[in-house]
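> Got a structure for you, written out below as structure tokens; questions coming shortly.
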Amino acid sequence: FFNLYLSPRDYHQVHSPVNGSVRSIIYRPGRLLPVNDRSMGQVDNIFGTNERVTLIIEDGQGRRIAISLIG
């Protein structure tokens, strides 16, 4: 498990640590709040509140990983 944060004002790409195919997409509704000092001081559990999409990717050997894109 690792967490990588790239500021949305600077970057809009998705990278996978493995080559593979997307096997499923899981959508979790939520809010679209910026993650900055102001928001983090005013919104409880901001990281658990934001909208997200999780991609389940399978490599050519049957291994699966999950990548979560958090709004």
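> Carbon-plus-sulfur fraction of the accessible area of the range 18-71, 1.4 Å probe, in percent? Before the final figure, lay out the partial values.
Details: 1940 of 3950 Å².
The value for the range 18-71 is 49 percent carbon and sulfur by accessible area.
> Right, another one. Measuring from the lowest to the highest alpha carbon on each principal axis, how far does the range 7-71 reach, largest first, in angstroms?
If we take the Cα atoms of the range 7-71, the spans are 45, 24, 12 Å.
The values are calculated or read from the model by the stated rules, or taken from the named source; none is laboratory data. This one's a predicted model, so the numbers in the text were calculated from it and none came from an experiment. All accessible areas refer to the heavy atoms of the entire protein, side chains included, with ligands and DNA or RNA removed. Shrake-Rupley method; radii C 1.70, N 1.55, O 1.52, S 1.80 Å.
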